[in-house]
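Here's the structure, in C-alpha cells; my notes come after.
The values are calculated or read from the model by the stated rules, or taken from the named source; none is laboratory data. What you see is a predicted model, and the numbers here were worked out from it, not measured in a lab. Cβ sites come from the backbone with ideal geometry, for glycine too, and all protein chains shown count toward neighbours.
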Amino acid sequence: MQLRGNEMVQLVAGEEVYVGLQRDPHEFDVTPEFVAYYSAATGDHHPWYTGDSPFGGPVAPALLRHSEVYLFPGWYLSSYGNLHAKQEWELYHPMMVGDHVIARCLISDRYSRRGRDYVVNEVTFSDRSGRVLSRGRTHQSFLRDPIPTAAVVIDKDREKSAERRFDIPLEGALEELTPLVKPITQEMCDKFSGPMRNYHNDREEARKLGFPDIVVQGMMSVCFLSEFLTQRFGIGWYCGGKMNVSLVNIVWGSDTVISRGLVRELTPEGPRQRAHLDIWCEKPDGTKVIVGKASALVV
C-alpha cells in the first residue's frame, strides 16, 4: 500500500487488471516544498529548481512525480516478490513551480516472461489547458506461482551470476558523459519511499516480502539518470528527452549507484541535433543495475 495524503491506497487489485483499465485522475500543485522534498530524497539540487531557469522561473525536476503510478489503486497482481522491471519516460514540457497538474493512468499492456506476469501502467501528466507535459510507462513484474512466505525471492548473490552481467562496450563513443556518483543513505530511502515503513526503507518489511535487505526503490536510480541527463543536456532533456531502461539488478540499502552514459550517434531534428545514448547505472564493482537507451536534443 502507498500513502496519498491521509488516505491509504490499496495497490493490490480486487478485480481483473486488463489492458484499457483506467482510474480517476490525480491533481496536484507543484509547490516549492515538494521540490525541496524531492531534492532531499535524491540529493539533486540543481539551481534551476529554486532560482531562475531558461523557462522563466523555477522549474521542477524532470521526474518530480517519478512514482505517481503507485498512487493509482488496484493494478498490482500481488505484493509478494513484485519487482519494477522496466521504465520509459517521454518529456515534452517542464512542470513549473506553481503549476497545477493532472495525472491520468492507463493499463496499456500485459505480458508474461520467465515465470512472471507483467503489467504496464502508463501515466500521462498534463496542465490545466490539456497540454501534455510528460508520459511514463512502468513495467511491474509479479511472480506467477505462489512461494512460501518464508522463502527468499531474490538474494544478494544473484547479481554475481554470469547471467546477470550486462557488458556495455566503451569503444566507438562520440562522447562519454561525466559519471554521477550517488551513495544511498537510509535518510534518502525514508524520504523517497516513506513515510510508511515498507520494503523500500525497512529491512524487516523487506524480509516479509522475500528479500534479505532493503530494496531501494527502482525509481530512485531512474531519477539519478534524469539528473545526470539534465546536467548534460538541460533544455534538451526537459523538452524532448526520452528514456527506455530495464532494471536488471537490485540496489540494496547502503549501495552506491554510479550513472554513466555514452553518446553513440547524432541525428538531425529540425534545426538541431538529437543525441542518442547508451545509459546505465552500476555499482562500484561494475554490477549493472539499470541498462538502456536515452536521447535528448542538443541545444
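Values as computed for the structure displayed
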| read-out | value |
| --- | --- |
| Counted residues, the stretch 164-175 - those being surrounded by fewer than 12 Cβ atoms within 10 Å (Cβ to Cβ) and at negative phi | 4 |
| Set Y118, Y92, Y111: member being at pLDDT 95 or above and touching a His at 6+ places or on another chain (Cβ under 7 Å) | Y118 |
| Among the candidates I258, I279, residue that is in contact with a Gly (Cβ under 6 Å, 6 or more places away or on another chain), modelled with pLDDT of 95 or more and closer than 28 Å to T185 by Cβ | I279 |
| Selection from the stretch 40-70 of residues that are outside any loop (DSSP other than H, G, I, E, B), among the aliphatic types (A, V, I, L, M) and either surrounded by fewer than 19 Cβ atoms within 10 Å (Cβ to Cβ) or in contact with a strand residue (DSSP E or B) (Cβ under 8 Å, 6 or more places away or on another chain) (or both) | A40, V59, V69 |
| Selection within the stretch 94-117 - buried (at least 17 other Cβ atoms within 10 Å of the Cβ) and either within 15 Å of Y238 (Cα to Cα) or without any contact (Cβ under 8 Å) to a residue 60 or more places away in the chain (or both) | P94, M95, M96, V97, R116, D117 |
| Single match in V248, V263, V291 (criterion: in contact (Cβ under 8 Å) with a residue 40 or more places away in the chain, more than 22 Å from T42 (Cβ to Cβ) and surrounded by fewer than 22 Cβ atoms within 10 Å (Cβ to Cβ)) | V263 |
| Selected residue [outside any helix (DSSP H, G or I) and more than 16 Å from S295 (Cβ to Cβ)] from P268, P212 | P212 |
| Which numbered condition E163 misses (of (1) outside any strand (DSSP E or B); (2) modelled with pLDDT of 95 or more; (3) not β-branched (V, I, T)) | (2) |
| Yes/no for G136 being within 28 Å of G20 (Cα to Cα), modelled with pLDDT under 95 and either polar (S, T, N, Q) or out of contact with any Gly (no Cβ under 8 Å at 6 or more places or on another chain) (or both) | no |
| Residues within the stretch 186-209 that are under 19 Å from S226 (Cβ atoms) and either part of a loop (DSSP other than H, G, I, E, B) or not hydrophobic (A, V, I, L, M, F, W, C) (or both), tallied | 3 |
| Flag for T124 being of a type outside the set (D, E), closer than 18 Å to G241 by Cβ, without any contact (Cβ under 8 Å) to a residue 40 or more places away in the chain and in a strand (DSSP E or B) | yes |
| Of all residues making up the stretch 76-111, the number that are among the small types (G, A, S), assigned to a strand (DSSP E or B) and closer than 25 Å to V291 by Cα | 2 |
| Matching residues, the stretch 216-227, being of a type in the set (A, V, I, L, M, F, W, C) and in contact (Cβ under 8 Å) with a residue 60 or more places away in the chain | M219, M220, V222, C223, F224, L225 |
| Identity of the residue in the stretch 271-288, in a strand (DSSP E or B) and either in contact (Cβ under 8 Å) with a residue 60 or more places away in the chain or of a type in the set (G, A, S) (or both), that ends up farthest from V251 (Cα to Cα) | A275 |
